[in-house]
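A quick write-up on the structure given underneath.
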Amino acid sequence: MPEREWSELRNSIHQDLLGQLNLRALSKIPRKDLKLQLAKPLNEALAARSLVLVPERREQLVDELLDELTGLGPLEAIMRDPAVSDIVINGCENVFVERHGRMQKADVRFLNNEHVIRILNKIVSGAGRRIDEAQPMVDARLADGSRINAVIPPLALDGPLVSIRRFSVFGSTFSKLETLNTLSAEMSELLVRYVAARLNIVVTGGTGSGKTTLLNVLATAIPDEQRVITIEDSAELDLNKPNVARLETRPPNMEGNGRVTQRDLLRNALRMRPDRIILGEVRGDEAIDMLQAMNTGHDGSMTTVHANDAANAITRIENMVIMSGVNLSSEQLARQIGRTVNVVVHVHRYPDGVRRISSISEVSGSDAGQVDLSPVFWFEATGVNQDGRLSGSFLGSASESRFQDRMNMLRPAGQPG
């Protein structure tokens with residue numbers, strides 16, 4: 001049976017079953033038991049169509065129907081693949097996945113654009129969000145911590161556009177990042193010591209460079225007895241710590257009321273007795289509040305900034321502080337950042353698909369309205385191997401750190417990995 005006919009058959013039987021089954025009840029039943037419950041209605045549906053399937057095809061149909069009824073439809077099999085780091089949908093027929101840093105077309109498709117939107121609604125409703133013509137864009141997270149962004153018509157001209165970013169696939173320890181060639185062992189040790197010494201760290205990088213993954217890994221070096229407050233637009237951080245309070249922003253309701261911003265949550269977090277604050281990403285006027293928090297007893301805090309390099313990240317922070325309406329001269333602003341931010345770690349996704357820390361820089365103060373950055377480690381590419389991978393090495397030395405005395409006073413509670 002051709003793929004299109006098979007998809008139409010599955011969708012037709014799926015519509016029949018929707019009228020007979022209690023989906024809310026199904027979600028609480030183990031998958032193997034659901035297969036037994038589907039036997040009778042599936043036999044009736046096949047008989048009504050005068051169809052007989054061989055056992056292998058019948059088993060495939062049952063699995064795909066279960067994915068439609070209780071899971072994410074055609075995406076379910078992809079989501080079960082641990083090698084997949086990104087999923088991109090450009091309309092119902094074009095689904096792409098990234099495996100090991102390489103994007104490739106997936107061997108799955110949706111029946112039509114309405115099918116994509118139906119699965120989208122199932123995903124975002126579980127996160128308390130919605131997507132429809134009145135609100136055709138959504139940013140949410142899945143139960144496993146993955147992030148989803150979607151845009152549907154009329155804003156998306158050729159069908160629904162979906163991006164799913166999966167964080168769990170990259171690992172959650174320094175040793176795993178070393179295996180992935182994201183950083184060297186010496187860099188891992190230095191970063192652990194930075195966190196233990198309660199230095200304020202800004203992680204920078206472009207879209208999909210691994211900023212949030214690195215932030216999660218850095219947080220593993222925070223002592224368990226410290227209280228950590230996380231603030232995010234869409235919760236992605238998953239800190240394996242006993243004393244973590246997670247806060248997430250809220251979009252306005254249909255009447256345009258009830259919005260809660262990162263700046264609102266950051267101000268409230270200061271009243272929650274935090275030892276450290278982790279702001280998922282600084283995007284706007286909350287930058288000034290973050291700087292003030294770092295400079296008033298919450299040292300050891302961390303955040304991320306979307307930027308092309310460390311110097312550009314400092315410029316972006318300056319621009320975002322100006323957006324907040326604070327009346328500071330360029331010299332005053334540089335001085336504020338220079339004595340608040342201690343370390344800037346830049347991550348970059350290279351052409352070979354590997355995400356590497358391209359530089360670790362320390363802030364050494366400010367001069368004439370400029371924030372001074374001193375690189376401690378950096379990645380230097382030397383060529384391309386036969387398999388298309390970059391060759392190169394991490395250069396620099398932890399002995400160059402200007403925070404040696406501070407780090408020596410506070411030894412790490414644990415080692416990387």
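Which of the following residues is at pLDDT below 85 and either within 20 Å of Arg31 (Cβ to Cβ) or surrounded by 19 or more Cβ atoms within 10 Å (Cβ to Cβ) (or both): Leu120, Leu72? Walk me through how you get there before you give the answer.
Numbers: Leu120 fails: at pLDDT below 85.
After ruling out the rest, the residue left standing is Leu72.
Can Leu395 be described as aliphatic (A, V, I, L, M), surrounded by 15 or more Cβ atoms within 10 Å (Cβ to Cβ), in the same structural domain as Ala221 (by TED's automatic domain parsing) and within 30 Å of Glu98 (Cα to Cα)?
no
Within the stretch 326-417, which strands (runs of 3 or more DSSP E) (wholly inside it) include 3 or more residues that are of a type in the set (Gly, Ala, Ser) and closer than 23 Å to Ala221 by Cα?
On the way: elements: 343-349, 355-367, 370-384, 390-396.
Qualifying strands (runs of 3 or more DSSP E): 355-367.
In the stretch 157-203, which residues are under 21 Å from Ile123 (Cβ atoms), at pLDDT 90 or above and of a type in the set (S, T, N, Q)?
Of everything in the stretch 157-203, just one residue is under 21 Å from Ile123 (Cβ atoms), at pLDDT 90 or above and of a type in the set (S, T, N, Q), namely Ser163.
Considering the stretch 338-394 alone, what residues qualify as being under 21 Å from Met290 (Cβ atoms) and more than 27 Å from the chain's Cα centre (by Cα)?
Once the filter is applied, which keeps residues that are under 21 Å from Met290 (Cβ atoms) and more than 27 Å from the chain's Cα centre (by Cα), the stretch 338-394 yields Gly338, Arg339, Ser364, Gly365, Ser366, Gly369, Gln370, Val371, Asp372, Leu373.
Tell me the residue from Leu191, Leu183, Leu214, Leu218 that is crowded, with 24+ Cβ neighbours inside 10 Å, under 17 Å from the mean Cα position of the chain (by Cα), on the phi < 0 side of the Ramachandran plot and not charged (D, E, K, R), please.
On the way: Leu191 fails: under 17 Å from the mean Cα position of the chain (by Cα); Leu183 fails: under 17 Å from the mean Cα position of the chain (by Cα); Leu218 fails: crowded, with 24+ Cβ neighbours inside 10 Å.
The conditions single out Leu214.
Across the stretch 227-261, what is the number of residues that are touching a residue at least 24 places away in the same chain (Cβ under 8 Å) and touching a strand residue (DSSP E or B) at 6+ places or on another chain (Cβ under 6 Å)? Before the answer, list the steps.
First, the residues of the stretch 227-261 that are touching a residue at least 24 places away in the same chain (Cβ under 8 Å): 227-240, 245, 251, 254, 261.
When the remaining residues are screened for being touching a strand residue (DSSP E or B) at 6+ places or on another chain (Cβ under 6 Å), the result is 228-232, 234-237, 245.
Count: 10.
More than 23 Å from Gly396 (Cα to Cα), assigned by TED's automatic domain parsing to the domain that holds Glu248 and assigned to a loop (DSSP other than H, G, I, E, B): which single residue out of Gly159, Gly208, Gly145 fits that description? Give the steps one after another, and end with the answer.
Values: Gly159 fails: assigned by TED's automatic domain parsing to the domain that holds Glu248; Gly145 fails: assigned by TED's automatic domain parsing to the domain that holds Glu248.
Sole residue among the options that is more than 23 Å from Gly396 (Cα to Cα), assigned by TED's automatic domain parsing to the domain that holds Glu248 and assigned to a loop (DSSP other than H, G, I, E, B): Gly208.
Within the stretch 296-324, restricting attention to residues that are in a helix (DSSP H, G or I) and not aliphatic (A, V, I, L, M), which residue is surrounded by the fewest Cβ atoms within 10 Å (Cβ to Cβ)?
The initial filter retains those residues of the stretch 296-324 that are in a helix (DSSP H, G or I), namely 310-323.
In the following step, the residues that additionally are not aliphatic (A, V, I, L, M) were identified as 312, 315-316, 318-319.
On the way: Asn312: 14, Thr315: 14, Arg316: 19, Glu318: 19, Asn319: 12.
Looking at residues that are in a helix (DSSP H, G or I) and not aliphatic (A, V, I, L, M), I get Asn319.
Report whether or not Gln336 is surrounded by fewer than 20 Cβ atoms within 10 Å (Cβ to Cβ) and within 20 Å of Thr315 (Cα to Cα).
Values: surrounded by fewer than 20 Cβ atoms within 10 Å (Cβ to Cβ): no; within 20 Å of Thr315 (Cα to Cα): yes.
Here the answer is no, as Gln336 does not meet what is asked.
Consider only pairs whose beta carbons are under 6 Å apart and that are at least six residues apart or on different chains; among these, list those whose first residue lies in the stretch 357-373 and is assigned by TED's automatic domain parsing to the domain that holds Ala185 and whose second residue is among the acidic types (Asp, Glu) and surrounded by 14 or more Cβ atoms within 10 Å (Cβ to Cβ).
Between residues of the stretch 357-373 that are assigned by TED's automatic domain parsing to the domain that holds Ala185 and residues that are among the acidic types (Asp, Glu) and surrounded by 14 or more Cβ atoms within 10 Å (Cβ to Cβ), the close pairs are Ser364/Asp372; Gly365/Asp372.
Given the conditions (1) touching a helix residue (DSSP H, G or I) at 6+ places or on another chain (Cβ under 9 Å); (2) assigned to a loop (DSSP other than H, G, I, E, B); (3) modelled with pLDDT under 90; (4) crowded, with 18+ Cβ neighbours inside 10 Å, and given that Ala140 satisfies all but one, which numbered condition is not satisfied?
That leaves (2) as the condition not met.
What about Val228, is it at pLDDT 95 or above and either surrounded by fewer than 22 Cβ atoms within 10 Å (Cβ to Cβ) or in the same structural domain as Arg389 (by TED's automatic domain parsing) (or both)?
Numbers: at pLDDT 95 or above: yes; either surrounded by fewer than 22 Cβ atoms within 10 Å (Cβ to Cβ) or in the same structural domain as Arg389 (by TED's automatic domain parsing) (or both): yes.
Judged against the criteria, Val228 is a match.
Considering only strands (runs of 3 or more DSSP E) fully contained in the stretch 59-126, which possess at least 2 residues that are touching a helix residue (DSSP H, G or I) at 6+ places or on another chain (Cβ under 7 Å) and in contact (Cβ under 8 Å) with a residue 12 or more places away in the chain? Quick ask: steps written out before the conclusion?
Numbers: elements: 84-90, 95-99, 102-105.
Correct list: 84-90.
The values are calculated or read from the model by the stated rules, or taken from the named source; none is laboratory data. These numbers were taken from a predicted model, which means no experiment stands behind them. All Cβ positions, glycine included, derive from the backbone under ideal geometry; neighbour counts span all protein chains shown.
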